[in-house]
Amino acid sequence: TLLKRPLKPHRGDTLTLVLNKLPIHEASAIFEGFVPESGLATREISLGFIGIAPEKVRCPLLVVGASEDRLMSPGIQRKLARKYSAEYLEFPCHGHALMVEQGWEKPIHQILAWLENHASDPVPPAIQ
């Protein structure tokens, strides 16, 4: 089935859903480096159906969202954060590729600060 095969990126879809906040010349250059991804993982992530039981997660979680993400909507991002009792950071005026978008510095600094604050959190014992 479609979900069991690698999903080859389609230029139009990628520019619209993933690279929508970039100028077309930058988006086109970045698209050239895209490779096929898991069809199943892409479907699960975009719909918010992650197949990992929350009680199995043994580390602090951060869900990073963007208000103009067209691949994974902010509603799905918030739903995942609630499901996993994760902290949630949403960045306005950014899309799915916020790490290469103009103004990426502020989100990255906030993410790094979160990582520094949680680097020494104790890891609970494995759930049997």
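Can you tell which of Leu40, Leu17, Leu89 shows the greatest fluctuation in a Gaussian network model of the chain with Cα springs below 10 Å? Of Leu40, Leu17, Leu89, the Gaussian network model singles out Leu40 as fluctuating most. List the lysines whose Cα lies under 29 Å from the Cα of Lys4, skipping any in the same chain that are fewer than 8 positions away. Straight-distance partners of Lys4: Lys56, Lys79, Lys83. For segment 16-128, the residue among His25, Leu62, Cys93 whose Cα projects farthest onto the positive side of the dipole built from Cβ charges is Leu62. Centre-to-centre separation between the Cα atoms of segment 82-101 and those of segment 9-27: 18 Å. Could you name the lysines in cross-link range of Lys21, using Cα to Cα under 18 Å and dropping any fewer than eight places away on the same chain? Within the straight-line limit of under 18 Å, Lys21 reaches these lysines: Lys106.
Classify segment 28-83 from the C-alpha gyration tensor, please: rounded if a/c falls under 1.5, else prolate or oblate depending on whether a/b exceeds b/c. Verdict is prolate for segment 28-83. Ordered by solvent-accessible area of protein heavy atoms (1.4 Å probe), largest first, the residues Phe49, Phe31 come out as Phe49, Phe31.
Compute the signed sum of charges (Lys and Arg +1, Asp and Glu -1) over the other residues within less than 11 Å, Cβ to Cβ, of Leu98.
On the way: positive: Lys21, Lys106; negative: Glu68, Asp69, Glu90, Glu101, Glu105.
My count for the surroundings of Leu98 gives -3.
Counting heavy atoms of the protein chains alone, Glu116 has an accessible area of about 140 Å² for a 1.4 Å probe. The listed residues Met72, Met99, once ranked by accessible area (1.4 Å probe) with the largest placed first, stand as Met99, Met72.
Amide H contacts for Ser38 (H built 1.01 Å from N in the peptide plane; partners 5 or more residues away or on another chain; cut-off under 5 Å): Leu7.
For the chain, give the magnitude of the charge dipole about the Cα centre (Cβ charges: +1 Lys/Arg, -1 Asp/Glu; no others), in debye to the nearest 20. Walk me through the numbers before you get to the answer.
Details: 14 positive and 14 negative charges, 120 e Å.
I would put it at about 580 debye.
Ordered by solvent-accessible area of protein heavy atoms (1.4 Å probe), largest first, the residues Lys83, Lys4 come out as Lys4, Lys83.
A 1.4 Å probe, protein heavy atoms only, puts the accessible area of Ile30 near 60 Å². Which one, Gly65, Gly48, Gly103, has the greatest fluctuation when you compute a Gaussian network model over the chain with C-alpha springs under 10 angstrom? Of Gly65, Gly48, Gly103, the Gaussian network model singles out Gly103 as fluctuating most.
Under a Cβ-Cβ cut-off of 15 Å, what is the net charge of the residues other than Ala86 that fall near it, where Lys and Arg count +1 and Asp and Glu count -1? Mind showing how you got there, number by number?
Values: positive: Lys56, Arg58, Arg78, Lys79, Arg82, Lys83; negative: Glu55, Glu87, Glu90, Asp121.
Around Ala86, the charge tally is +2.
The values are calculated or read from the model by the stated rules, or taken from the named source; none is laboratory data. The model shown is predicted, which means the values in this text are computed figures rather than measured ones. So basically every Cβ, Gly included, is an ideal-geometry build from the backbone, and we count neighbours across all protein chains shown. These area figures cover heavy atoms from the full protein model, side chains too; ligands, DNA and RNA do not enter into them. Shrake-Rupley method; radii C 1.70, N 1.55, O 1.52, S 1.80 Å.
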